[in-house]
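Asker: Let me give you the structure first, and then I'll get to my questions.
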Amino acid sequence: MGGRVLSVASECVPLVKTGGLADVVGALPGALAAAGWDMRVLLPAYRALRAQATDWPVVWEEGDLWGGPGRVLAGTVQGLHLLLLDAPHLYDREGGPYSSLQGEHPDNAIRFAALSWIAARIAREGLADWKPDVLHAHDWQAGLAPAYLAYHGSGGCKSVITIHNIAFQGWAPGHMLGILRLPGHAFHPDALEYYGGISSLKAGLMTADWITTVSPTYAAELMREEFGMGLQGVIATRSRVVSGILNGVDTALWDPMREQPAFGPKAMAGKSAARARLCEEFGLEVPGPLAIVVSRLTDQKGIDLLPQLMPDFILGGGGLIVLGSGDPGMEGAMRHLADRFPGRVAVRIGYDEGLSRRLFAGADAVLVPSRFEPCGLTQMYGLRYGTLPVVSLVGGLADTVIGASPATLAAGVATGVTFHPVDALAFGQALQKLLDLYRQPKLWARLRANAMAHPVGWESSAAAYAGLYERLTA
Ligand code: ADP
Ligand code: GLC
């Protein structure tokens, strides 16, 4: 079997990334190729991308794309087949995909409506030599694509929308309905009306043929008030077409045998050497477990709980390196921690992929105390690198880490430390458990071996996506 899929998103590794969405969008085409699915990824031609595509052929032209013309350029980067929507009036700007130094772009609703509009047109009409069988939309930025297929004709193309993070819903005021090329009858609570406005994520959820999210636990959580963020009812009404498919990680890229020094389950000396180097680089001396955080510093991630827990963790011998950026208040709190505990805590504010790999290679544990986590990738890097994940039991964290308990240790299946609820008490107890496990070298080695044996690649999830596409197009 197999067929053609047009994947539509606002981020994609290796071209543009602010979070795990980009990793997943970039990994899916490769993961699905083996099952016979030919996937092309449609992205906005942001300024940096546009510069890379100057000699790419034009495969689509659009006269009127909200205030200017647009065209689609086709090209290949590192084996990925890409379609870039070049519309300079919308995307050729300073800054990241969603904002400039002055803040969020005020016309984001239109910028991503344009992306979705072109996606739907290509899905419906096809390019000269390539017509997709399935349109796969990711998050709110592509949410209007299934809606345009539903309201303006699908041309036989099926649609899937994947929720990577329901915290972002793409809200626009109701008076924009016509501007966004949506019909009046769609402005209804059973369609895309949302608290008096329009939510492009809700539009996608109401109109797509299928809805997926990035872990089975998050799929169930999303139907509950604590996690649905206002859309729980929408998802519950469509529960028959909702499934959770766990993300994988790129095991060729995230491979301890490719690190310097290399290590693997049967040769852990390289990991000790990596740890020693890391401590030297950051001026740390840590007798107990060296923990890391590699994360966006936002409320979602629960990192704000760390300052009150650090004194006891340090007292027990622990150390911490934080790599991240985000909320200025949280960045400040992290810097303050490093000042308070010199030699035990180090903080690097910023985004640094190379450093993140060295952190996973050298550290003993990775902390992911998220309040909600659709899937999460860093706990999986942790498993792969024998860097034990300490995670809250939510979303994909609950689906990927088996917490150490007398029963799981006896059964030999534990791969990390888990806690619930997400508060200082439970997280503090988890950190104490980590200190305690680290004091038992044989047990620690066993946990580490279990973690490294846990499969985190794309194989089974790619099969699940392929199965879904096949059912939709059968
Ligand atoms: P989210 O998408 O919610 O941010 P994920 O765990 O799914 O969370 O994905 C985050 C991705 O971004 C991972 O690949 C992680 O390693 C990476 N990342 C986050 N912050 C940094 C940073 N400061 N430097 C390097 N990589 C980072
Ligand atoms: C989102 C989620 C994260 C998930 C990623 C990729 O950013 O916050 O949990 O891993 O998308 O699906």
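The values are calculated or read from the model by the stated rules, or taken from the named source; none is laboratory data. What you are looking at is a predicted structure, and each value in this text was computed from that prediction instead of being measured. FYI the Cβ positions are ideal-geometry reconstructions off the backbone, even for glycines, and counts take in every protein chain you see. Surface areas here come from the heavy atoms of the whole protein model, side chains and all, with no ligands, DNA or RNA. Shrake-Rupley method; radii C 1.70, N 1.55, O 1.52, S 1.80 Å.
Asker: What is the Cα centroid distance between the stretch 205-267 and the stretch 389-454, reported in whole angstrom?
Answerer: Using only Cα atoms, the two centres lie 20 Å from each other.
Asker: Would you please report the Å³ per residue occupied by the convex hull of the alpha carbon atoms in the stretch 117-267?
Answerer: Convex hull of Cα atoms, per residue: 164 Å³.
Asker: Another question about this same structure. Could you give the dipole magnitude of the chain about its Cα centre, charging the beta-carbon of Lys and Arg +1 and that of Asp and Glu -1, in debye to the nearest 20?
Answerer: That gives the chain a dipole magnitude of about 960 debye.
Asker: On to the next question. Using a Cα-Cα cut-off of under 23 Å, which lysines could be cross-linked to Lys433, ignoring same-chain neighbours fewer than 8 residues away?
Answerer: The qualifying lysines are Lys271, Lys301, Lys442.
Asker: Ok, one more. Report the charge-dipole magnitude of the stretch 256-453 in Debye, nearest 20, computed about the Cα centre from +1 at each Lys and Arg Cβ and -1 at each Asp and Glu Cβ.
Answerer: For this selection, approximately 700 debye.
Asker: Around Ser159, which amide H atoms from residues at least 5 apart in sequence, or from another chain, sit under 5 Å from its own amide H, with H modelled in the peptide plane?
Answerer: Long-range HN contacts for Ser159: Leu135, Asp209, Trp210.
Asker: For every helix of n ≥ 4 consecutive DSSP H residues, a contribution of -39,500 (n - 2.57) applies; sum these over the chain, divide by its total residues, and give [θ] at 222 nm rounded to the nearest 500 deg cm²/dmol.
Answerer: Dividing the helical sum by the residues of the chain leaves -11500 deg cm²/dmol.
Asker: Out of the total accessible area of the chain (probe 1.4 Å, heavy atoms of protein only), what percent is carbon and sulfur?
Answerer: 55
Asker: Continuing with this model, one more query. Let me understand the stretch 256-453 better: what is its radius of gyration from the alpha carbons, and its Dmax, in angstrom?
Answerer: Reported Rg and Dmax, both Å: 15.2, 44.
Asker: Quick check on the stretch 48-110: take the gyration tensor over C-alpha atoms, sort the square-rooted eigenvalues as a ≥ b ≥ c, and tell me if it's rounded (a/c under 1.5), prolate or oblate.
Answerer: oblate
Asker: Follow-up. Taking a ≥ b ≥ c as the square roots of the Cα gyration tensor eigenvalues, with a/c under 1.5 meaning rounded and otherwise prolate when a/b beats b/c, else oblate, which class fits the stretch 2-106?
Answerer: Oblate.
Asker: Something else: Please give the residues of the stretch 27-49, grouped as numeric ranges, whose backbone N is less than 19 Å from a label point set 7 Å along the Cα-to-Cβ vector of Glu94.
Answerer: 46-49
Asker: Taking H as built 1.01 Å from N, whose amide H comes closer than 5 Å to the amide H of Ala9, not counting residues under 5 places away?
Answerer: Distant-sequence amide H within range of Ala9: Leu42.
Asker: So how long is each side of the chain along the principal axes, counting just the alpha-carbon atoms, biggest first, in Å?
Answerer: 65, 44, 42
Asker: Rounded to whole Å, give me the distance from the Cα center of the stretch 347-380 to that of the stretch 120-167.
Answerer: What the calculation gives is 33 Å, centre to centre.
Asker: Can you tell me the 0 to 90 degree angle between the C-alpha axis of helix 108-125 and the longest principal axis of the chain, rounded to 10?
Answerer: The angle comes out at about 60 degrees.
Asker: Taking the Cα atoms only, what angle lies between the long axis of helix 441-453 and the longest principal axis of the chain, rounded to 10 degrees?
Answerer: Once rounded, one gets 20 degrees.
Asker: Cut-off under 18 Å on the C-alpha distance; same-chain residues fewer than 8 positions from Lys158 excluded. Which lysines are left, in chain and number order?
Answerer: The qualifying lysines are Lys131, Lys202.
Asker: Here's another thing I want to ask about it. Can you work out the Karplus-derived ³J(HN,Hα) for every residue in the stretch 322-339? Use 6.51 cos²θ - 1.76 cosθ + 1.60 with θ = phi - 60°, whole Hz, and x for glycine or proline.
Answerer: Here the 3J(HN,Hα) series is 10, 10, x, 7, x, 3, x, x, 6, 4, x, 4, 5, 4, 4, 4, 5, 5 Hz.
Asker: What number comes out for accessible area per residue over the stretch 327-474 if the probe is 1.4 Å? Units Å², please.
Answerer: So the stretch 327-474 comes to 39 Å² accessible per residue, rounded to a whole number.
Asker: What net charge do the residues around Ala274 carry, taking every other residue with its C-beta under 9 Å from that of Ala274, with Lys and Arg at +1 and Asp and Glu at -1?
Answerer: Net local charge, Ala274 excluded: +3.
Asker: Please state, rounded to one decimal and in Å, the Kirkwood hydrodynamic radius that the stretch 426-474 gives when every pair of distinct Cα atoms enters the mean of 1/r.
Answerer: 14.0
Asker: Between Leu320 and residues 5 or more places away or on another chain, which pairs have amide H atoms under 5 Å apart, with H built 1.01 Å from N, and which residues are they?
Answerer: The list, which skips near neighbours in sequence, is Ala291, Val345, Ala346.
Asker: Still on this model: Looking at Ile321, Gly155, Met39, which one has the Cα that reaches farthest to the positive end of the dipole of the chain (charges on Cβ: Lys, Arg +1; Asp, Glu -1)?
Answerer: Result: Ile321, furthest along the dipole toward the positive end.
Asker: Among 189-196, 205-212, how do they line up from the highest to the lowest mean number of other beta-carbon atoms within 10 Å?
Answerer: Order by mean packing, descending: 205-212, 189-196.
Asker: Does the stretch 234-367 come out rounded, prolate or oblate, given a ≥ b ≥ c as the square roots of the eigenvalues of its C-alpha gyration tensor, rounded meaning a/c under 1.5 and, failing that, prolate meaning a/b above b/c?
Answerer: oblate
Asker: Something else about it: If packing is taken as the mean number of other Cβ atoms within 10 Å per residue, what is the order of 167-180, 4-17, highest first?
Answerer: In decreasing order of mean packing, 167-180, 4-17 become 4-17, 167-180.
Asker: Between Arg240 and Asp55, what length comes free when the chain is fully extended (0.36 nm per residue of separation minus the Cα-Cα distance, one decimal in nm)?
Answerer: Length gained, Arg240 through Asp55: 62.1 nm.
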